[in-house]
Every structure is written in structure tokens, then in C-alpha cells.
1. If you build a Gaussian network model of the chain, linking Cα atoms that sit under 10 Å apart, which residue out of 123, 69, 97 swings the most?
2. Could you tell me what percent of the accessible area of region 1-160 is made up of carbon and sulfur, with a 1.4 Å probe and every protein chain present?
3. Would you mind getting the accessible area per residue of region 26-88, heavy atoms of the protein chains only, 1.4 Å probe, in Å²?
4. Quick check: net charge around residue 3, other residues with Cβ under 12 Å of its Cβ, Lys/Arg +1 and Asp/Glu -1?
5. Given [x] 10, 28, 24, 17, 11, 6, 3, 1, 0; [y] 10, 40, 35, 13, 2, 0; [z] 9, 30, 29, 22, 9, 1, which label gives P(r) over Cα pairs in 10 Å bins from 0, in percent as computed from the coordinates?
Amino acid sequence: RHELMLARDRAKVVRKAASVAAFNGWVTAVIAALSVPFAPFSFVGFLVTCGLALVAYNEFRGRKRLLAFDPSAATLLGWNQLGFLAMISAYCAWMTFTNLNSFSSQLEANPELEQALGSLSEFEGLYRLVVVGLYGTVFVLSVIFQGLNALYYFTRHKYVEAYLQQTPT
């Protein structure tokens, strides 16, 4: 009984990491499902939906492997978060680039907007600030959240190894 109690206590850290993976997986899966209606109308939307689905799949797969005390599961989950961060970063960069360029071309193509909006240079400056602020904030928050998640997962590897070494079969 004493060995079972010790094994249960050692497994708490691994089970908690599996719970984090389940939460991340479900949140990402819901976001992927919500993005499906937009996927047929945009190549970028399609790529985002596929990327989100892949991240969710890997979170669930990593969770299952963690619960089986596979030490490589923690590494998989860490790299999954870094891949997710790369996808979010690329999306933010692309959306910033396309929004800033498309707005300038819209203003040039429709000179009557100057009469409706007043000073175009002020409005364009405000628009640029909002776009950069929005996608910059998403990027910074993603670096923090996905970066900390990746660090958390990578540090769980040693706990799985310790469980396997210290727990009798």
C-alpha cells in the first residue's frame, strides 16, 4: 500500500500535465471548429483551420502518451506549442502586411473617401496603429502563453522519467 501511495503521489505531476494538455487540446479544437466555416473562402483561413486542427490533435495525442508515462510525450507537447507559436506569428505578420497594404490601395483607388473621412493621412495613421496594435498584442500574448506552455511541457519530461525509475512495475 505504501508503494501504491508513493506511485500515486509521483504521478500527480504527470496527470496535471495531462490535464493541461486536455484543456489546451479542447480550446484549440473548439477554435478550429469555429474557423471551419471560413476555410472554404480563403486559402489562409484553410491553412489556419488545418493548423489549429493539427495542434489540437497533437495535444490529445500527447495527453494520451503522458498518461501512459511515455517520456517523449512531454517533448512532443513542448514542440507542439512552439509550432503553434510559429503559426500564430506567421498569421499575425501576414495579416499585418496584407491589411496595411490593402488599406493604402483602397484609399488610392477611391479618392472620394477623402471627402467622407476628412483627413486621409490622419485616418490612415489611426488605421495603421490599430492594425499593428491588434496583431502586435496577439503576437506578444502568444509568445508569453505558448512560450510558457512549451517550457512547462519540456520540464515535465524529468517527472515522467523519475516516475518510471522510482516506481516498481
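1. 123
2. 72
3. So region 26-88 comes to 55 Å² accessible per residue, rounded to a whole number.
4. Combined, the nearby Lys, Arg, Asp and Glu give +2.
5. Read-out taken from this structure: [x].
The values are calculated or read from the model by the stated rules, or taken from the named source; none is laboratory data. Every value quoted in this text rests on a predicted model; they were computed, and no experiment measured them. Note: ideal-geometry Cβ built from the backbone for every residue, glycine included; neighbour counts use all protein chains shown. The protein model used for the area step is the full one, side chains on, heavy atoms only, and it has no ligands, DNA or RNA in it. Shrake-Rupley method; radii C 1.70, N 1.55, O 1.52, S 1.80 Å.
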